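Take a look at the structure below.
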Amino acid sequence: MNTNKPYFIVKENLQKSSITGEYFRDQVTPDVLQDVCFKITGEKDFEYLYVGNDFTNNELSATYNKGRLAILYYKDVVNFITFSEENINGRNSSVQSVATAFNIYFNCNSLTKNLFYYFLVKNGNIETSYHKFIYRLMKTVGFNFLNSQEYLTDTIEPFTSIPDLMLMRRTNSGRNQSNNPTYLTKSSSQNIDLYGKTYGASKYETSLLCYAISELAKIKNQTVTLYEVTEGNLRILPKSSRDVIQKMGNIQIVQSDFALERNSFDQNDSLRSPRYIYNLLDRLGKKKCAFCGCEIPEIIHGAHILPVAYIKKYSNLSLEQKLQMATDGNNGLWLCENHHKLFDEHIIDIAYDGKILISEYLSNSNKMFVQKITTKNNIDKNIMTEQFTQYLAKRKEVVNF
């Protein structure tokens, strides 16, 4: 659409308009549109049209406006503006519309297009550390903030690298790991691993993280693997998000499906489970060897306390119960490659008080070597949960140390 006068199209329905009686036009009023128009085009004279769910054109499909989106056509430019909610009630409330708006923008075929964000906030804190993290993700994927100076004390800067993003993510996560729907780590120097819940409100954060990481990974020609952590009947990312991720070209999607993991568990004495790694990240935080403190994620593994091969021998448990044990975050800890092998070979063990034990059957020279690389005497107390100790007891029943 080529217009010489700025022209807005705004879908008037919100997701729950039929229930609440509140419509998008009540929030994005002509006064708001005028401010948006002036900030983008420098013009105050414009036209606008509020449309219903059945409206469709090259940019909008016939559905309610999930993206809280207005489209401004001016000359040969298509401008996508997504708006915050007026009332910020939770950490994900400002993110839910962003991923959908980005999908619509990304799929637009116009050669000249822009992506904007406009604050409408009346109530709530929009400058938590979490929100600042989200704003930087948005800036990284191309959002321009039209009125952030009126609401925010800090300037929004895009992430410049994946280590930059990972550092803020760790700082933002804090100690309350259970609030984090996504975890970011590395399996090699060239591959970034994103473990993300892909259901409920979490799917919006996971989508946005994928978009930003995809852009940053291109700088050093890195690849990204998204492990989708599903639950019950709650499944993979929305099709629109998956389509965008696949078009970006450098993200492989691996679904952590319970049925697939059950088959893998049934057929093998080991288990490469995204769900298990996610649960360890959720319980213990970033990868850090419990025996030496190494923090190089590329060489750190999730090590089972009670090995999968022994779990499979429990005849009184169902297959589902065994799989739950094999993927339980309490049945494991982070170990570097050296210590993982030493632990699996029962050269190193853990006492019930958390003390790290070295086999007395080693030669003196080998014992000195193991002592030298094992810089910690005890594992951290936060690892020693009641459930962890129960797995440790089961291990001692079947392993002669």
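The values are calculated or read from the model by the stated rules, or taken from the named source; none is laboratory data. As the structure is a computational prediction, the values presented were derived from the model and not from experiment. Positions of Cβ are backbone-derived with ideal geometry, glycine not excepted, and every protein chain shown enters the neighbour counts.
Look through Lys312, Lys394, Lys341 and report the one residue that is touching a residue at least 60 places away in the same chain (Cβ under 8 Å), more than 16 Å from Asn279 (Cα to Cα) and surrounded by 14 or more Cβ atoms within 10 Å (Cβ to Cβ).
Going through Lys312, Lys394, Lys341 in turn, just one is touching a residue at least 60 places away in the same chain (Cβ under 8 Å), more than 16 Å from Asn279 (Cα to Cα) and surrounded by 14 or more Cβ atoms within 10 Å (Cβ to Cβ): Lys394.
Ile104: in the same structural domain as Ala70 (by TED's automatic domain parsing), β-branched (Val, Ile, Thr), over 22 Å from Val32 (Cα atoms) and surrounded by 20 or more Cβ atoms within 10 Å (Cβ to Cβ), yes or no?
Values: in the same structural domain as Ala70 (by TED's automatic domain parsing): yes; β-branched (Val, Ile, Thr): yes; over 22 Å from Val32 (Cα atoms): no; surrounded by 20 or more Cβ atoms within 10 Å (Cβ to Cβ): yes.
Spelling it out, it is not the case that Ile104 is in the same structural domain as Ala70 (by TED's automatic domain parsing), β-branched (Val, Ile, Thr), over 22 Å from Val32 (Cα atoms) and surrounded by 20 or more Cβ atoms within 10 Å (Cβ to Cβ).
Being over 27 Å from the mean Cα position of the chain (by Cα) and under 30 Å from Thr223 (Cβ atoms): is that true of Cys336 here?
No: the conditions fail for Cys336.
Test Asn53 against the stated conditions and say whether it is of a type in the set (S, T, N, Q) and in contact with a Ser or Thr (Cβ under 9 Å, 6 or more places away or on another chain).
Judged against the criteria, Asn53 is a match.
Restricting attention to the range 140-161, which residues are surrounded by fewer than 21 Cβ atoms within 10 Å (Cβ to Cβ) and under 17 Å from the mean Cα position of the chain (by Cα)?
The answer is Ser161, and nothing else.
Sort out which residues of the range 231-245 are part of a loop (DSSP other than H, G, I, E, B), in contact with a Ser or Thr (Cβ under 6 Å, 6 or more places away or on another chain) and modelled with pLDDT of 80 or more, and write them in order of number.
Across the range 231-245, the qualifying residue is only Leu237.
Return yes or no: is Tyr195 modelled with pLDDT of 85 or more and touching a Gly at 6+ places or on another chain (Cβ under 8 Å)?
No, not satisfied.
Identify the residue in the range 349-374 that is surrounded by 14 or more Cβ atoms within 10 Å (Cβ to Cβ) and small (Gly, Ala, Ser) and, among all such residues, is farthest from the chain's Cα centre (by Cα).
Taking the candidates together, the pick is Ser359.
Could you say whether any residue in the range 42-56 is aromatic (Phe, Trp, Tyr) and under 32 Å from the mean Cα position of the chain (by Cα)? Give the steps one after another, and end with the answer.
If we filter the range 42-56 for residues that are aromatic (Phe, Trp, Tyr), which is where we start, we get 46, 48, 50, 55.
Now drop any that are not under 32 Å from the mean Cα position of the chain (by Cα), which leaves none.
The answer is no; no qualifying residue exists.
Among the residues of the range 113-122, is any within 30 Å of Asp31 (Cβ to Cβ), of a type in the set (A, V, I, L, M, F, W, C) and outside the structural domain of Val36 (by TED's automatic domain parsing)?
Taking every residue of the range 113-122 in turn, none turns out to be within 30 Å of Asp31 (Cβ to Cβ), of a type in the set (A, V, I, L, M, F, W, C) and outside the structural domain of Val36 (by TED's automatic domain parsing).
Within the range 10-27, does at least one residue satisfy the condition of being free of Cβ contacts under 8 Å to residues at least 60 places away in the same chain, surrounded by 12 or more Cβ atoms within 10 Å (Cβ to Cβ), in contact with a strand residue (DSSP E or B) (Cβ under 8 Å, 6 or more places away or on another chain) and among the basic types (Lys, Arg)?
yes
Against the definition (in a helix (DSSP H, G or I), charged (D, E, K, R) and in contact with a Lys or Arg (Cβ under 9 Å, 6 or more places away or on another chain)), how does Glu295 come out, yes or no?
no
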